[in-house]
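These notes are about the structure you will find just below.
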Amino acid sequence: MSPPDFFIGWDRNSGRAQFRFLALVAAGFLALLAGIGLLDGQDAAPRGLFHLAPPPPPDAPIDAVTLRGRVALHPYPTLFVQPDATHPSLHSVLLSGDGKRGPSIDPALADGAMVSVTGLKLRRGTIDMLVVGEEVHPLPDPPIAAPAPVSLGRWRVAGEICDGKCQTGAMQPGQGLSHRACASLCLIGGVPPVFVTASPVAGASFLLLAGPDGRALADLRRLAALPVVLEGEIERRGDLLVFKVDLTQARVL
Amino acid sequence: MTAHLLVLAVEAYLGVGLVLALVFVFALIDRIDPQAHGAHAFRPLLLPGLTLLWPLVLVRTLAKLRGMTDPLASQRANLAAHRMAWLGLAVLIPVALVLAWSLKAPTEAPQSIRIGDAP
Amino acid sequence: MSVKYVPVSWTTSKKLYDAGLIAGIALYLLAFSHFAIGAVDDQALRIRALGSCAFLLLSLVLAIGPLARLDRRFLPLLYNRRHFGVITCTIAAGHALAVLGWYFAFSPLGPYDAMLVADIGSGHLRGVPFIPFGIAALLILLVLAVTSHDFWLSFLTPKLWKALHLGVYAAYGLVVLHVAFGALQAQRAFEIEVTVCALGLVALHLWTGFREGRKPRMAAAAPSGLVHACKLGDIAEGRAIVVRLTDADPVAIFRHEGRLSAVSHLCAHQNGPLGEGRVIDGCITCPWHGFQYRLEDGRAPPPFTERIATYRLHLTGDDVMLDPSPNPPGTYVQPLEPA
């Protein structure tokens, strides 16, 4: 039998004062956890270090669509579809595969071939992406003209390198440091890199990244999801802006 | 590639550990700890620890099988380590927090500017 | 304490303790996810909820030790601290699995390969890879959780077990780095929790350590080699005074039915502070887990088998003198009977 002021775990008799104290501690513990849980849940979606505007939730339910158009393989697989009522100029749609992968492209497919692709359409702001689950094959259709590249000159732009897929709505959040490893993984897998600018360039806040030669960039893991300043030529292709950057000049802020 | 080799090495380590753990709970534990005699329900609980720490388990098992007696209870080394740990944390934690605050201070984003014509 | 190991030696207090813990965690996760704001995936929300909950639990479990040193009424929280630790590790592992199943899934690489190659750092303080800190902390917590059964205490010896479990402090430092370079860079509310918990915990430990360090230590007097422990009247019936030595482990001198016995201050179970215990049913009883020892030989009453070192005492007038060299654990020493 333990004395009333001495707690022994295996003895049920621990005294009233001790019991009252423990009841108080337990109530405090429960209130503390509920309170902090409530507080922590009030964090809005991460916005990255430039406090970029958080991406709005997808503005339409994600539906499967079939698009026909001209495929450009460089810098990253992009589909250009004929202008329509909503898109007065040649409309670009970035292509990606399922999960953290680029689209699966038939090796025989030539740059500029006409294709028909079915996939889930993601849309965020001015940028569209089609998630294509199947391999992309050529069509016998007559080709539509390639978008004539228009140079907008050399620019110095601040922003964050994101993967085109999460940024267009596959994940929430799709930006910020806590998403950095995930974005790097998408970029390794071949998802097109999108530069989200801190201030708009020629009316656009999303630029497709490319190397100075207009080809895909090598490893972007060091710079993904950080506030960076990039320099290079910006080129308009249809309604898509391509930012041809030299990563050796990149500066982390 | 290196990453994959590392994952394979960890899997191999754990594989060896699991085999030794099974040998330990079935064949050795009764010779090492009298409180394990006739007690079986607790043994599965030991498997993760035996698997994870198998080199240490091996060393302790050999010492026990050779009948080495344990040294007298002493807490002085641990108390000193405890003190050092908290003095270390008392430096590390404020430094880490100050670093975190300074890194997350909103960065003034320079305006996008056109710096020249295309080459 | 048990003669035969069982998976968990349940007592009513342990059941209440675990129920309170699980209720608290359920409340936290509910409050977090039910009232969460912001356009965030359910998976990302789960990652955040489990991660921030694990941080809070780890901070709280590390506060139990110093609180129990400052106020004895917190000792019952220490009694089942290992369950608290295992549950904390489970929540942290849930956080890690949620990350693996979302941020590191759906890639051409396996999730573990992906975790190792995705985040390589930026060569700048911004973008220091924070995930390795989390992995290292979780590994430590896993080692502690899987060695929490009493078998490990006896197999590794309390000294080595304690040394291993001191790793929890390294884990806490790593967790602070993990959140400092990770979640804190994106979350505002969590920043308040981390700052208050981490700095509060440091202050609590430093204050407790300062108080403990001020307790006087005694050196053996030459040439007899004996230590003047206390006056005869200093020890209350059924209790002990603790003699802290300058170059040896502390000794507890108990008074039971007027007679004095000296034993190690360290319980054979987890090195708990025996000298702060009581004599109950004729046995020294540890304030941490209630392990018991006979006064005269430092042996646990049968059928239990634990033993602690005993010491010899001498009386010089009113002065209790201690021979600071310990006898082998379980050695019989005739209790000192004042005339």
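The values are calculated or read from the model by the stated rules, or taken from the named source; none is laboratory data. It should be emphasised that the depicted structure is a prediction, and the values quoted were computed from it without experimental measurement. With ideal geometry, Cβ positions are generated from the backbone for all residues, glycine too; neighbour counts draw on all protein chains shown.
Of the helices (runs of 4 or more DSSP H) lying entirely inside segment C:128-189, those containing at least 3 residues that are farther than 17 Å from B:Gly88 by Cβ are C:131-146, C:150-165. Checked across segment A:104-118, the condition of being touching a Gly at 6+ places or on another chain (Cβ under 6 Å), assigned to a loop (DSSP other than H, G, I, E, B), of a type in the set (A, V, I, L, M) and modelled with pLDDT of 85 or more holds for no residue. Here C:Gly24 clears all of (1) closer than 30 Å to A:Cys166 by Cα; (2) at the interface with chain A (Cβ under 8 Å from one of its Cβ atoms); (3) buried (at least 22 other Cβ atoms within 10 Å of the Cβ) except the condition numbered (1).
Residues of segment C:73-87 include none that is in contact with a Cys (Cβ under 9 Å, 6 or more places away or on another chain) and crowded, with 20+ Cβ neighbours inside 10 Å. Residues that are within 7 Å of chain B (Cβ to nearest Cβ), buried (at least 20 other Cβ atoms within 10 Å of the Cβ) and touching a Phe, Trp or Tyr at 6+ places or on another chain (Cβ under 8 Å) within segment C:150-180 comprise C:Phe151, C:Trp152, C:Leu177, C:Ala180, listed in sequence order.
Scanning segment C:107-141 for residues that are within 28 Å of C:Ala163 (Cβ to Cβ), surrounded by fewer than 19 Cβ atoms within 10 Å (Cβ to Cβ) and either at the interface with chain B (Cβ under 10 Å from one of its Cβ atoms) or among the β-branched types (Val, Ile, Thr) (or both) returns C:Ile135, C:Leu139.
The set of residues in segment A:231-244 that are over 14 Å from A:Ser151 (Cβ atoms) and within 14 Å of chain B (Cβ to nearest Cβ) contains only A:Glu231. In segment C:284-323, counting only strands (runs of 3 or more DSSP E) that sit wholly within it, the ones holding 1 or more residues that are farther than 16 Å from C:Phe254 by Cβ span C:310-316, C:319-323. Within segment C:140-186, the residues that satisfy the criterion of being without any contact (Cβ under 8 Å) to a residue 40 or more places away in the chain and among the small types (Gly, Ala, Ser) are C:Ser154, C:Ala163, C:Gly167, C:Ala170, C:Gly173, C:Ala186. Per the conditions (1) more than 9 Å from chain C (Cβ to nearest Cβ); (2) in contact with a helix residue (DSSP H, G or I) (Cβ under 7 Å, 6 or more places away or on another chain); (3) at pLDDT below 95, the sole criterion not satisfied by B:Phe24 is (3). Working only within segment C:82-105, note down all residues that are within 11 Å of chain A (Cβ to nearest Cβ) and either within 12 Å of the chain's Cα centre (by Cα) or not aliphatic (A, V, I, L, M) (or both). Of everything in segment C:82-105, those that are within 11 Å of chain A (Cβ to nearest Cβ) and either within 12 Å of the chain's Cα centre (by Cα) or not aliphatic (A, V, I, L, M) (or both) turn out to be C:Phe84, C:Trp102, C:Tyr103, C:Phe104. If you filter segment B:59-78 down to residues that are in a helix (DSSP H, G or I) and at the interface with chain C (Cβ under 9 Å from one of its Cβ atoms), you find that the one that is farthest from C:Pro326 (Cα to Cα) is B:Thr61.
Figure legend. Inter-residue proximity from segment B:70-86: first residues within 25 Å of C:Arg307 (Cα to Cα), second residues modelled with pLDDT under 85 and surrounded by 18 or more Cβ atoms within 10 Å (Cβ to Cβ), beta-carbon distance below 8 Å, spacing 6+ or different chains. No pairs are indicated. Residue selection: A:Thr126 fails the criterion of being within 26 Å of the chain's Cα centre (by Cα), more than 14 Å from chain C (Cβ to nearest Cβ), surrounded by fewer than 13 Cβ atoms within 10 Å (Cβ to Cβ) and farther than 30 Å from C:Leu109 by Cα. Given the structure, is A:Val150 in contact (Cβ under 8 Å) with a residue 60 or more places away in the chain, of a type in the set (A, V, I, L, M, F, W, C) and away from chain B (no Cβ under 14 Å)? Spelling it out, it is not the case that A:Val150 is in contact (Cβ under 8 Å) with a residue 60 or more places away in the chain, of a type in the set (A, V, I, L, M, F, W, C) and away from chain B (no Cβ under 14 Å). From the list C:Thr208, C:Thr195, the one residue that fits, being at the interface with another protein chain (Cβ under 8 Å from one of its Cβ atoms), among the hydroxyl-bearing types (Ser, Thr, Tyr) and in contact with a Leu (Cβ under 8 Å, 6 or more places away or on another chain), is C:Thr195. C:Ala268 meets all of the listed conditions (1) surrounded by fewer than 16 Cβ atoms within 10 Å (Cβ to Cβ); (2) in contact with an Asp or Glu (Cβ under 6 Å, 6 or more places away or on another chain); (3) under 24 Å from C:Leu160 (Cβ atoms) but one, namely (1). Scanning segment B:85-111 for residues that are β-branched (Val, Ile, Thr) and either assigned to a helix (DSSP H, G or I) or at pLDDT 95 or above (or both) turns up B:Val91, B:Ile93, B:Val95, B:Val98. Would you check if C:Asp297 is more than 9 Å from every other protein chain (Cβ to nearest Cβ) and over 17 Å from C:Ala229 (Cα atoms)? Judged against the criteria, C:Asp297 is a match.
Every residue, every condition in (1) modelled with pLDDT under 90; (2) crowded, with 24+ Cβ neighbours inside 10 Å; (3) part of a strand (DSSP E or B); (4) assigned by TED's automatic domain parsing to the domain that holds A:Tyr76, yes or no:
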| residue | (1), (2), (3), (4) |
| --- | --- |
| A:Pro143 | yes, no, no, no |
| A:Arg154 | no, no, yes, no |
| A:Val157 | no, yes, yes, no |
| A:Gln167 | yes, yes, no, no |
| A:His179 | yes, yes, no, no |
| A:Ala183 | yes, yes, no, no |
| A:Ser205 | yes, no, yes, no |
| A:Leu209 | no, yes, yes, no |
